[in-house]
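A.B. asks: One structure, as structure tokens, below. Some questions next.
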Amino acid sequence: MPPRLPLYVGGVVLALLVGVGIGRVIGPVTTYPPDAGQQSAAPNAGAPMVAADGHIHGVTGGGSGASGLAAGGLEISAAGYTLVPAADVAEPGKQAISFRILRKDGTPQTNFAVVHEKPLHFFVVRRDFGVYRHLHPTMAEDGTWTVETELPEAGPYRMYADFTAVDAAGTQTAITLGADLTVTGSFEPVALPPAATVSKPGGLTVTMSGTATVGVASPILFTVDGGTFEPYLGAFGHLVALRDGDMGFAHVHPEPQLAQGAVKFWFTAPSPGTYRFYLDFQVGGVVHTADYVVVVA
């Protein structure tokens, strides 16, 4: 099956968080692509703000129309950093995925800021969205990151390394790099289900409300029946948005407090199209993932 209509998401970026460098002193901060890859909570739709982790996560338009924001996770090399996987082909089943982040001079980057309790967030997603993994690798002294996971089915996958590099001058660069991974074997793409606002992971019912809008930071809320959202990786939830077609990436962070029991995100869609949302959250000490198909007009 040919890839679906290309779009750019990742940078599908951002409305932004409050505060700067809470609890720590940081150096200058840049993002690449500008305003790409990470979106954070914003108390006012369309208002540019500084993220609580010290990152400038982006600027959103206050009205309708295209935002011109770039996508995250579409490049393997950018802003002086390159994602170098140890392998781009794997067999189905349990395995270790290893990679390094190299600087311009070919040496490994080993200094990373801790963002949402981890120095690097790693995602592996099959291109038909049939498999999704949110992982947290560990880094060896030589800069090699490794994580154990299971990829049970064959197919074309996209890997994302979402991190904030710190250089010798203390400058932080927030970036999401991406690379392809092929899991060998027979592959039949799974068609996307219709757009829906309810997901039922682990016996819970998680309902999404709100309308994603092109170029405007719009509130997207999630409520859970059968439990209460608990802090997970420093927040009440983590929303990953992937655009169908080019697999562009956005990692969206919520407001710091629940809104009448709901976890609230501000999401800026850079263009019309179909998106796959994955909400990672914790209830009763167990981490779940709710998934949705979202069509942006």
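Any read-out appearing in this document is the output of simple, stated calculations on the displayed coordinates, not a laboratory observation. These figures come from a predicted structure and were not determined experimentally. All Cβ positions, even for glycine, are placed from backbone atoms using ideal geometry, and neighbour counts span all protein chains on display.
A.B. asks: Summarise the long-distance tail of P(r) for the range 151-293 by giving the % of C-alpha pairs beyond 20 Å.
C.D. replies: Counting every Cα pair in the range 151-293, those more than 20 Å apart make up 55 percent.
A.B. asks: Any lysines with Cα under 30 Å of the Lys264 Cα? List them, leaving off those in the same chain fewer than 8 positions away.
C.D. replies: List returned: Lys118, Lys200.
A.B. asks: By its C-alpha gyration tensor, with a ≥ b ≥ c as the square roots of the eigenvalues, how is the range 183-233 shaped: rounded for a/c under 1.5, else prolate for a/b larger than b/c, else oblate? Mind dumping the intermediate values first?
C.D. replies: Details: a/c = 2.05, a/b = 1.33, b/c = 1.55.
Oblate, since a/c reaches 1.5 and b/c is not below a/b.
A.B. asks: Could you give the spread of the C-alpha atoms of the range 255-296 along their three principal axes, from largest to smallest, in whole angstroms?
C.D. replies: 36, 19, 13
A.B. asks: Would you list which aspartates and glutamates come within 19 Å of Lys94, measuring only between C-alpha atoms, while excluding same-chain residues fewer than 8 positions from it?
C.D. replies: Glu148, Glu150, Glu153, Asp180
A.B. asks: Also, quick follow-up: Using alpha-carbon pairs under 8 Å, 6+ residues apart, how would you state the relative contact order of the range 146-251 in percent?
C.D. replies: 16 percent
A.B. asks: Taking the alpha-carbon set of the range 222-289, what are its Rg and Dmax in Å?
C.D. replies: In Å, with Rg to one decimal and Dmax whole: 12.8, 37.
A.B. asks: Within the range 106-174, report the GluC sites (Glu not before Pro) that DSSP leaves as loop and that have at most 12 other Cβ atoms within 10 Å.
C.D. replies: Here the sparse-neighbourhood loop sites are Glu117, Glu141.
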